[in-house]
Amino acid sequence: MPDKPLDNTWVGTRVLPAARRAKRAGRRIGRRARSAVAPRIGALGAAALNAATTDLTIPSSGAEQVRRCGVVVLGIPDYPRIPPLWREKLIQAERHSVPTVLMVRSPEDIEHPLAAVVTHLVTTDPQLLAAVRDFAGAERTGMVDSLASGREQTSALFALTRVHTPVEKT
Amino acid sequence: MTGEQMLQPTAVCGVLGRMTEAHRRRADSMAELAEEEGITWQPSYLLPGLTLRVTNTAVVQRAERSVSAAWNAAGQIAPQLLDQPWTSTAREADACGLRTNARGSGTVHGSVSGCQVLYVHTAESAVFFSTRLRWLAETAEELTPDWQAWSEILAFGAPLAGRTTFTEIRRLMPMEYAEVTDSGAVRVSQQHWPWEDYTPQAPPNLAEVTQETIAVMADHMRPHLDGTRAGGAANPMLSGGRDSRMLTALAARESAHPQQLTAWSTSSDAGSALEELVAAEVAETLSVEHRIITGRYSAFGEDFADYAEAVDFQASFHFWLMPVVRALRTSPGAIFDGIGGGVLLGGGFADPADARPRTRRDLQLSRIQARSRYLTEARKVLQDSVSVAVEERAYSGAWPTAERYADHPNAHTLTSYLLRTVPGISPAPAKVLGSAQPTVMPMVTDQVAQLALKLPHQAKADGAWYPRLLTAADPALRGMPTADDLTGTRHHKRRIASREGARYLANLIRSGPAAGLLSAELAAADPATAHGVVVWQKLLNSQRSQHLIRGLALLTLWLEQYGTRVTAADPLRIQHA
């Protein structure tokens, strides 16, 4: 059973959390600036977006490619497990705080282990939205219009993943 | 796979002593409550001085004038251990049990690790016992809230020193026992705890100790992996850490049918998916089938309430466990859990680096504060007067344990173990996982504790021993990073800090009897509003304030369950020491 001690030192309780917050904020600001100038979406599997994506499964794709992405989009693979290469890319994304978004196309997709490890889930099917929201929560769930332009889809993905605790729209 | 081969989750209840008709009726009522929860008893033992009901994981030996029994969350206890004194059975099998003579005198005892959960309620000339607090509480005539225990739940995460949420009922700590004497007197006492005798020896042959430790754990796991039960299936719990991968490697090594193993991972809701991703990598390395189970955000409230109920509202560290537990209920085979690894093998929970020049009292205080650091955020969650009272009560409750081991060479380890592992962590494997399938805890056996506690601290500090242990378990694990090694920032939305989680907890607490304990900020933050829910979300996104909010939610659920049954149920009484 996981049981980790709390860090009780002054460095552990004050300095490191502040440093982590600053690092996270720095990455967010950097990614936002980069995304405004040259938005970059990484892809694992069939993202099926009109937006341009960078295939992260090609052999030359390293950790730096993942780090430069504003978001990584994933499609469900044929394989019932997370493919080893994808797992490697997901670990890189985790290390660099890059949001990961699963494209959900059928109700069964949320049973795939990928759904358990991504930061967000989106669907293009309004019929699926309630089921996805039920699984992932309102803040992690989004709709992408399959007929929208690449720019609009990119904007929707970045808007979904940009804020950790957004204020609810009423 | 036959019905006889399947082990049920462990459950035991009964009464020992000078029996009255009322005693017998209460014991029957306890058994009926258990049956309503799905427990299937073996044939009952209904004797003049004993009523005993057990599931098939327990071993029972009946002679002409005596009964002996032993049980633990794992089952598979060798019957011949019942021929030894109970202290030996408790030590060798990490088992609870009982020994009775004619007419009801005898002993009900706890295990050597204290991680096996057994509650006792002493009555006139008898002691009622149960592996589930609810069965004792629902059948008791009188119940009083233990506000000391509730202060400890808020501060440490669980009641200390054997306390429960009721003053009348206690949980047996390591080597504790309840005895009914020939004269009918009843007392609760403790035999010598052998772990106090295990002190660092120098210089050790670390390679030999490592091999021996791995061999002892493998020996302990082997009977659950020999293929005679559940068709050879078994279920190691696998996180991104070291203890669970060590046990998964040993399970794969010792199993007669390694293809029947399934390693299980879930999200510990820590804001990162690295635990699951690294676990998947380990499972692939060990060629073990792997499943990741996480909870639905819409079901957060149901999962939280179910977990609270499963641990009798006394701990909430592992509130995220329920989805995987539900899946395990339909996956026969022993569960392997690495409880105790961090504190015994990993050198975690150590004194601060500057401990040496500190005074004895400061050192004791630092050991208590280290386990109750959540209180540094208490004023954000609790009223000022409540946070002061909770801190005072909690420290006074922990002080006897800190004092007892103040000068012990393993002071920090034993103090942490008794303030955290036994009360707060063990219910998760013993009661929650243990409610799904028999659950084996190899790292808190007496032999492993002995080997670990005899090692000098520097051999274990900051996980220094793990590389050797992991390599000895399986060389393929050499050098594999853990989730903690890779974690940078935690950017995932925690389920508990989502709108759904925050709204459940906020509505639960604000509309319940514990609302009067809330800080002004939380009392004013209406979760129905967009900004109000964000106030709750931000506090739930921080470990310390989240811990305190979870404690208040437990208290609310407990009062919903027992508020009309206990005397003096007003939670503001927590302020009056």
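The values are calculated or read from the model by the stated rules, or taken from the named source; none is laboratory data. In this text the structure is predicted, and so the values were computed from the model without any measurement. For neighbour counting, all protein chains shown are included, and Cβ atoms are generated from backbone atoms with ideal geometry for every residue, glycine included. We work out accessible area using only protein heavy atoms, side chains counted, and drop any ligands, DNA or RNA first. Shrake-Rupley method; radii C 1.70, N 1.55, O 1.52, S 1.80 Å.
Can you tell me which of B:GLY38, B:GLY97 is within 23 Å of the chain's Cα centre (by Cα), open to solvent by 10 Å² or more (accessible area, probe 1.4 Å) and free of Cβ contacts under 8 Å to residues at least 60 places away in the same chain?
Working: B:GLY97 fails: open to solvent by 10 Å² or more (accessible area, probe 1.4 Å).
Testing whether each residue is within 23 Å of the chain's Cα centre (by Cα), open to solvent by 10 Å² or more (accessible area, probe 1.4 Å) and free of Cβ contacts under 8 Å to residues at least 60 places away in the same chain leaves just B:GLY38.
Looking only at strands (runs of 3 or more DSSP E) that lie completely in the stretch B:125-216, which have at least 1 residues being under 30 Å from B:THR376 (Cβ atoms) and without any contact (Cβ under 8 Å) to a residue 60 or more places away in the chain? Lay out the reasoning, then the answer.
Values: elements: B:126-130, B:169-171, B:176-180, B:186-190.
Per the criteria, B:169-171.
Looking at the structure I just gave you, is B:THR359 out of contact with any Lys or Arg (no Cβ under 6 Å at 6 or more places or on another chain), of a type outside the set (D, E, K, R), closer than 28 Å to B:GLU196 by Cβ and away from chain A (no Cβ under 14 Å)?
Numbers: out of contact with any Lys or Arg (no Cβ under 6 Å at 6 or more places or on another chain): yes; of a type outside the set (D, E, K, R): yes; closer than 28 Å to B:GLU196 by Cβ: yes; away from chain A (no Cβ under 14 Å): yes.
In short, yes.
So B:SER331 clears everything in (1) crowded, with 24+ Cβ neighbours inside 10 Å; (2) in contact with a strand residue (DSSP E or B) (Cβ under 8 Å, 6 or more places away or on another chain); (3) assigned to a loop (DSSP other than H, G, I, E, B) except one condition, right? Which one?
The single condition B:SER331 does not satisfy is (1).
Take the residues in the stretch B:497-515 that are more than 14 Å from chain A (Cβ to nearest Cβ) and of a type outside the set (A, V, I, L, M); name whichever of them is most open to solvent (accessible area, probe 1.4 Å).
Per the criteria, the residue is B:SER511.
Could we say that B:THR487 is open to solvent by 20 Å² or more (accessible area, probe 1.4 Å), away from every other protein chain (no Cβ under 14 Å) and of a type in the set (Ser, Thr, Tyr) here?
Working: open to solvent by 20 Å² or more (accessible area, probe 1.4 Å): yes; away from every other protein chain (no Cβ under 14 Å): no; of a type in the set (Ser, Thr, Tyr): yes.
Spelling it out, it is not the case that B:THR487 is open to solvent by 20 Å² or more (accessible area, probe 1.4 Å), away from every other protein chain (no Cβ under 14 Å) and of a type in the set (Ser, Thr, Tyr).
Can you tell me which residue among B:ARG358, B:ARG367 is over 30 Å from B:ILE509 (Cβ atoms) and outside any helix (DSSP H, G or I)? Before the answer, list the steps.
Details: B:ARG367 fails: outside any helix (DSSP H, G or I).
Of B:ARG358, B:ARG367, the one residue that is over 30 Å from B:ILE509 (Cβ atoms) and outside any helix (DSSP H, G or I) is B:ARG358.
Go through (1) in contact with a strand residue (DSSP E or B) (Cβ under 9 Å, 6 or more places away or on another chain); (2) free of Cβ contacts under 8 Å to residues at least 60 places away in the same chain; (3) away from every other protein chain (no Cβ under 12 Å) for A:GLY70 and report which single condition fails.
The one condition A:GLY70 does not meet is (2).
Return the total of residues in the stretch A:137-156 being within 14 Å of chain B (Cβ to nearest Cβ) and in a strand (DSSP E or B).
Looking only at the stretch A:137-156, we keep the residues that are within 14 Å of chain B (Cβ to nearest Cβ), and these are A:137-142.
So of that shortlist, the ones also in a strand (DSSP E or B) come out as A:141-142.
Residues meeting the conditions: 2.
Check A:ALA18, A:ALA22, A:ALA63 and return the single one that is open to solvent by 50 Å² or more (accessible area, probe 1.4 Å) and either basic (Lys, Arg) or out of contact with any Ser or Thr (no Cβ under 6 Å at 6 or more places or on another chain) (or both).
On the way: A:ALA18 fails: open to solvent by 50 Å² or more (accessible area, probe 1.4 Å); A:ALA63 fails: open to solvent by 50 Å² or more (accessible area, probe 1.4 Å).
Exactly one of A:ALA18, A:ALA22, A:ALA63 is open to solvent by 50 Å² or more (accessible area, probe 1.4 Å) and either basic (Lys, Arg) or out of contact with any Ser or Thr (no Cβ under 6 Å at 6 or more places or on another chain) (or both), namely A:ALA22.
Is it true that B:ARG103 is surrounded by fewer than 21 Cβ atoms within 10 Å (Cβ to Cβ) and in a helix (DSSP H, G or I)? It would help to see each step written out before you state the result.
Values: surrounded by fewer than 21 Cβ atoms within 10 Å (Cβ to Cβ): yes; in a helix (DSSP H, G or I): yes.
The answer is yes for B:ARG103.
Kindly evaluate B:SER542 against the criterion of being open to solvent by 40 Å² or more (accessible area, probe 1.4 Å), closer than 19 Å to B:SER316 by Cα and not assigned by TED's automatic domain parsing to the domain that holds B:SER316.
Values: open to solvent by 40 Å² or more (accessible area, probe 1.4 Å): yes; closer than 19 Å to B:SER316 by Cα: yes; not assigned by TED's automatic domain parsing to the domain that holds B:SER316: yes.
Yes; evaluated as a whole, the condition is true for this residue.
Output yes when any residue across the stretch B:349-360 is hydrophobic (A, V, I, L, M, F, W, C) and crowded, with 17+ Cβ neighbours inside 10 Å, and no when none is.
First, pick out the residues of the stretch B:349-360 that are hydrophobic (A, V, I, L, M, F, W, C): B:349-350, B:353, B:355.
Pick out the ones that are also crowded, with 17+ Cβ neighbours inside 10 Å and you get B:349-350.
Yes, the conditions are met somewhere in the stretch B:349-360.
Which residue pairs have Cβ atoms under 8 Å apart, sit 6 or more places apart or on different chains, and have a first residue in the stretch B:541-552 that is more than 19 Å from B:ASP306 (Cα to Cα) and of a type in the set (Ser, Thr, Tyr) and a second that is open to solvent by 40 Å² or more (accessible area, probe 1.4 Å) and part of a helix (DSSP H, G or I)?
The qualifying pairs are B:SER545/B:LYS380.
Does B:PHE313 count as at the interface with chain A (Cβ under 8 Å from one of its Cβ atoms), in contact with a Ser or Thr (Cβ under 9 Å, 6 or more places away or on another chain) and on the phi > 0 side of the Ramachandran plot?
On the way: at the interface with chain A (Cβ under 8 Å from one of its Cβ atoms): no; in contact with a Ser or Thr (Cβ under 9 Å, 6 or more places away or on another chain): yes; on the phi > 0 side of the Ramachandran plot: yes.
Judged against the criteria, B:PHE313 is not a match.
Select, from A:ARG162, A:ARG95, the only residue that is more than 7 Å from chain B (Cβ to nearest Cβ) and either open to solvent by 30 Å² or more (accessible area, probe 1.4 Å) or in contact with an Asp or Glu (Cβ under 8 Å, 6 or more places away or on another chain) (or both).
Numbers: A:ARG95 fails: more than 7 Å from chain B (Cβ to nearest Cβ).
Exactly one of A:ARG162, A:ARG95 is more than 7 Å from chain B (Cβ to nearest Cβ) and either open to solvent by 30 Å² or more (accessible area, probe 1.4 Å) or in contact with an Asp or Glu (Cβ under 8 Å, 6 or more places away or on another chain) (or both), namely A:ARG162.
Taking the residues in the stretch B:1-47 that are touching a Gly at 6+ places or on another chain (Cβ under 7 Å) and not in a helix (DSSP H, G or I) as candidates, determine which candidate is farthest from B:LEU118 (Cα to Cα).
Step by step, filter the stretch B:1-47, then rank; the result is B:MET1.
Take the stretch B:215-226 and flag every residue that is crowded, with 23+ Cβ neighbours inside 10 Å and more than 22 Å from the chain's Cα centre (by Cα).
Matches in the stretch B:215-226: B:LEU225 only.
Report, by residue number, each residue of the stretch B:178-205 that is more than 25 Å from the chain's Cα centre (by Cα) and open to solvent by 40 Å² or more (accessible area, probe 1.4 Å). It would help to see each step written out before you state the result.
Just the residues of the stretch B:178-205 that are more than 25 Å from the chain's Cα centre (by Cα), to begin with: B:180-186, B:200-205.
Answer for the stretch B:178-205, where residues must be more than 25 Å from the chain's Cα centre (by Cα) and open to solvent by 40 Å² or more (accessible area, probe 1.4 Å): B:THR181, B:ASP182, B:SER183, B:ALA185, B:VAL186, B:PRO200, B:GLN201, B:ALA202, B:PRO203, B:PRO204, B:ASN205.
Output the number of residues of the stretch B:550-575 satisfying the condition of being open to solvent by 50 Å² or more (accessible area, probe 1.4 Å) and over 16 Å from B:ILE153 (Cα atoms). Before the answer, list the steps.
In the first step, residues of the stretch B:550-575 are kept if they are open to solvent by 50 Å² or more (accessible area, probe 1.4 Å); the result is B:560-561, B:564-565, B:567, B:570, B:572-573, B:575.
Right, trim to over 16 Å from B:ILE153 (Cα atoms) and you get B:560-561, B:564-565, B:567, B:570.
Here the count works out to 6.
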